[in-house]
Amino acid sequence: MIHISDPETPRLPPRTPHRPLLKLFFGDVLSAALTALALVAVFMLLPGLNWVTLDANWAVADPDLCRQGGACWAFIRAKLNLILFGLYPPSEQWRAGLVIVIILAMILVSLWPRVWGGRLLLVWAGAVAAMLILMRGGMLGLAPVPTSKWGGLPVTLMLATLSLGLAFPLAVLLALGRRGRLPIARAVCVTLIELVRGLPLVGLLFVAAILLPLLLPPDWTVDKLGRTLAALTIFAAAYLAEVIRGGLQGLDTGQTEAAEALGIPYWKTIWHIVLPQAIQNVIPPLTNTAIVMVKNTSLVLIVGVFDMLSAARSAATDPAWPAPYAESYLFVALIYFAICFGISAYSAHLERGVRARRHS
Amino acid sequence: MTQAIRLQEVDKFYGTFQALHGVDLEVSTGERVVICGPSGSGKSTLIRCINQLEEHDGGRIEVRGVKLGDDLRNLDAVRREAGMVFQHFNLFPHVTVLENCVMPQVLSRGTKRKAAEDTARGYLDRVRILEQADKFPGQLSGGQQQRVVIARALCMEPKIMLFDEPTSALDPEMISEVLDVMVDLAGTAMTMVVVTHEMGFARRVADRVVYMEAGAAVETGTPDQIFGTPRDERTRRFLSKVMAG
């Protein structure tokens, strides 16, 4: 069991007291100017807001009448399945839907520090296996669906969680190796980290999707989605490794000395004493990397993986509708924002817990 | 009386700087030895060599008959028998006080959790801090933290306790609560090696006082002899400074 944070820590830092509103907005010249500027900005944005909300058409059945003066949300309604599930066969889309439910449920459960530990990892392994079986089919009476037909939100969510989840242990090893005493291991870790950080993700994806099948013998080839996942994982691992290394460096050497003096073996010291504290030290940059990686999954569209962004794009190209790119992208942006904001809020919660226990 | 600790001609180098110059020291089982001397004299280095937080570069160190230096298994055995209290506490800040005492037993000796908790509560009670068991180290005062450190070390049932300036990082009003616990411990026939500037403590509990300067053990004797009639000029100079200050 790793101890990182306990949500039931009672003490929270006090909030800043409220100032009177009028004073807050017009108290001095700077505040007044900023308030005026903000008001002007709001007025300028009003037409746009109107376009998105009041003037929008939510349920017009005829595509030609949809875009009269406002956003065409009816389009999202009509194309929701395409955006969420991509080219996944419509009759089997309940399976992709179930995968979204499983992944979200697993994430929600994992937010609770009390359940962290080896058993949770096993449950995750089971959940991932279940998701792969559901998506892929070909067993248990499920019709087979090749990965080239996978798409939309399940692909985005799976790429994000799996790449981060697989990258994390790899990153820990890289960070430990880079700080370790073994010269060869250190050289390998430094080379890998610096090489991957020196490449753009797009380049790495091209290598994985296009170059690798040319270089490897044909019967070695892993599925393209798998290769894409591998590229994302290595990319995330290099960045996470440096973040974790920062956390390790911030740790007082007295901690490992105390563990040594108590006769605690090296790996147990790393797992129970060093890592939990190192990770607590770097929650903000870890969050940063996690958010960046979630959004980076959208880059897979350039190697032809059909994630949510590509699905939304292709939905908007339907000639029957009046080219509703804005609506498509806004809808997808909303989903990305919800995911990333959720990550932010959760990390802020963890940090408050850590702070409440360290200083009080 | 058997020898708990035996150091012969121990040398220690940091690069080209020699921190210890052929130090000899013997501590009998149940004996309480105080090491004093100016800062930079090698006191901490010496005590840290005993459980090999620092590796010595020359000479011979034996702890309870086990020679240190060539076999790593010996090292683990010695570390489990020698508890250490640090100047800067080094409690694990991410877990509770109780867990600080439980975790090492479980991780180091494979003690069952339930038994480890009972042991931990017992020693926390003995250092009179049981009521803080569920708090985190950061929520305690320095004196309280140092008492937890002592309890944590005692949970491993050590035969020897090493104290590396246990009161130097404490506010003056908290020194006595820690010294009281140490005096209490001295009453239990525990073998103790204490690096400290607390001369009062040395007079009260030490069987022997070792005065160190510039990496060498200058003079060894009973507290009365060292503090009353120091033979070496260097000891006299140090003591006059300490007593005056």
Ignore the peptide's own chain and count Cβ atoms of other chains within 10 Å of each Cβ in B:50-63; give me the average, rounded. 1
Could you pull out every residue, at least 5 positions away or on a different chain, whose amide H is within less than 5 Å of the one on B:A216? Hs are placed 1.01 Å off N in the peptide plane, and Pro or chain starts have none. B:H21
Positive-pole candidate from A:I133, A:G152, A:V172, dipole of segment A:113-190, charges at beta carbon: A:V172
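Using +1 on the beta carbon of Lys and Arg, -1 on that of Asp and Glu, and nothing else charged, what's the dipole of chain B about the Cα centre, debye to 20? Before the final figure, lay out each step's value.
Numbers: 30 positive and 34 negative charges, 66 e Å.
The calculated dipole for chain B is roughly 320 debye.
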P(r) of chain B over all Cα-Cα pairs, 5 Å bins starting at 0, rounded to whole percent, reads 1, 6, 14, 17, 19, 17, 13, 8, 4, 1, 0, 0
Give me the angle, in degrees from 0 to 90, between the Cα long axis of helix B:142-154 and the longest principal axis of the Cα atoms of chain B, rounded to the nearest 10. 90 degrees
Take the alpha-carbon centre of segment A:55-95, take the same for segment A:310-360, and report the distance between them in whole Å. 19 Å
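Provide a whole-number value for the mean count of partner chain Cβ atoms within 10 Å of the Cβ atoms in peptide B:67-77. If you can, show how the numbers build up before the last one.
On the way: counts 0, 0, 0, 0, 0, 0, 0, 0, 2, 4, 1.
Mean partner-chain Cβ count within 10 Å for B:67-77: 1.
For the pairs A:K224/A:K268; B:K67/B:K159; B:K159/B:K241; A:K224/A:K295; A:K268/B:K12, note any where the Cα-Cα span goes beyond 27 Å.
On the way: A:K224/A:K268 38 Å; B:K67/B:K159 16 Å; B:K159/B:K241 35 Å; A:K224/A:K295 20 Å; A:K268/B:K12 29 Å.
Table pairs above 27 Å Cα-Cα are A:K224/A:K268; B:K159/B:K241; A:K268/B:K12.
For the interface of B with A, what's the total buried accessible surface in square angstrom, probe 1.4 angstrom, rounded to the nearest hundred?
Details: alone 11200 and 20440 Å², together 29480 Å².
Buried area between the two chains comes out at roughly 2200 Å².
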Place a +1 charge on the Cβ of each Lys and Arg in the protein assembly as shown and a -1 charge on the Cβ of each Asp and Glu, then give the dipole magnitude about the Cα centre in debye, rounded to the nearest 20. 800 debye
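Given a 1.4 angstrom probe, what's the average accessible area per residue across chain A, in square angstrom? Numbers along the way, then the final one.
On the way: 19350 Å² over 360 residues.
Solvent-accessible surface per residue comes out at 54 Å².
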Among residues of segment A:267-283, a drop of 10 Å² or more in 1.4 Å probe accessible area, assembly relative to the chain on its own, occurs for A:K268, A:H272, A:I273, A:Q277, A:Q280
How many nm is it between the label spots at A:V222 and A:W94, if each spot is 7 Å from the Cα in line with the beta carbon? 3.3 nm
Return, in residue-number order, each cysteine of chain A whose C-beta is not under 4.7 Å from any other cysteine's C-beta. A:C189, A:C340
Return, ordered by residue number, the residues of segment B:189-209 whose backbone nitrogen is under 16 Å from a label point located 7 Å along Cα→Cβ of B:E26. B:208-209
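Ignoring ligands, DNA and RNA, what percent of the accessible area of the protein assembly as shown is carbon or sulfur (1.4 Å)? Could you put the intermediate results ahead of the total?
Working: 18620 of 29480 Å².
Roughly 63 percent of what the probe reaches on the protein assembly as shown is carbon or sulfur.
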For B:L239, A:L162, A:L214, A:L192, what's the largest-to-smallest order of accessible area, 1.4 Å probe? A:L214, A:L192, A:L162, B:L239
Per-residue ³J(HN,Hα) for segment A:175-184, Karplus 6.51 cos²θ - 1.76 cosθ + 1.60, θ = phi - 60°, Hz, x for Gly and Pro: 5, 5, x, 5, 9, x, 9, 7, x, 5
What spacing in nm lies between the two simple spin-label points modelled at A:R355 and A:L104, each 7 Å away from Cα in the Cβ direction? 3.0 nm
Averaged over its residues, how many other protein chain Cβ atoms are within 10 Å of peptide B:94-102's Cβ atoms? 3
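What's the FRET efficiency of A:W51 with A:R313 using the Cβ-Cβ distance as r and R₀ = 22 Å, to the nearest 0.05?
Details: r = 21 Å, r/R0 = 0.94.
After rounding to 0.05, the efficiency reads 0.60.
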Expressed as an acute angle from 0 to 90° and rounded to the nearest 10, what is the orientation of the C-alpha long axis of helix B:172-186 relative to the principal long axis of chain B? 90 degrees
The protein assembly as shown - Rg over Rh from alpha carbon coordinates, Kirkwood radius: 1.11
Using a 1.4 Å probe on the protein heavy atoms only, what accessible surface does A:V101 show? Give it in Å² to the nearest 10. 90 Å²
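If you average the sequence gap of Cα pairs under 8 Å that are 6 or more apart and divide by the length of chain A, what percent do you get for the contact order? Don't skip to the answer; put the middle values down first.
Values: 386 pairs, mean separation 85.8, N = 360.
About 24 percent, as a whole number.
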Over the Cα atoms of chain A, Rg to Rh with Kirkwood Rh, two decimal places? 1.03
Residues with amide H under 5 Å from that of A:D318, placed H, sequence gap 5 or more: none
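With every protein chain left in place, what is the accessible area per residue of segment B:123-245 in square angstrom, probe 1.4 Å? Present the calculation step by step, with values, prior to reporting the outcome.
Working: 4980 Å² over 123 residues.
Per-residue accessible area for segment B:123-245 comes out at 40 Å².
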Note to self: C-alpha centroids of segment A:115-175 and segment B:81-120 sit apart, in Å, by 37 Å
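Looking at the protein assembly as shown, what % of its DSSP beta bridges pair antiparallel, to the nearest 5? It would help to have the intermediate numbers written out before the result.
Numbers: 20 of 39 bridges.
Bridges in the protein assembly as shown are about 50 percent antiparallel.
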Rg and Dmax of segment A:23-128 over Cα atoms: what are they, in angstrom? 23.4, 63
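The values are calculated or read from the model by the stated rules, or taken from the named source; none is laboratory data. Bear in mind that the values here come from a model prediction, so they are computed numbers and not experimental data. Because the Cβ atoms are built from the backbone with ideal geometry, glycine has one as well, and the counts that use them run over all protein chains shown. Just the protein is used for accessible areas: all its heavy atoms, side chains included, with ligands, DNA and RNA removed. Shrake-Rupley method; radii C 1.70, N 1.55, O 1.52, S 1.80 Å.
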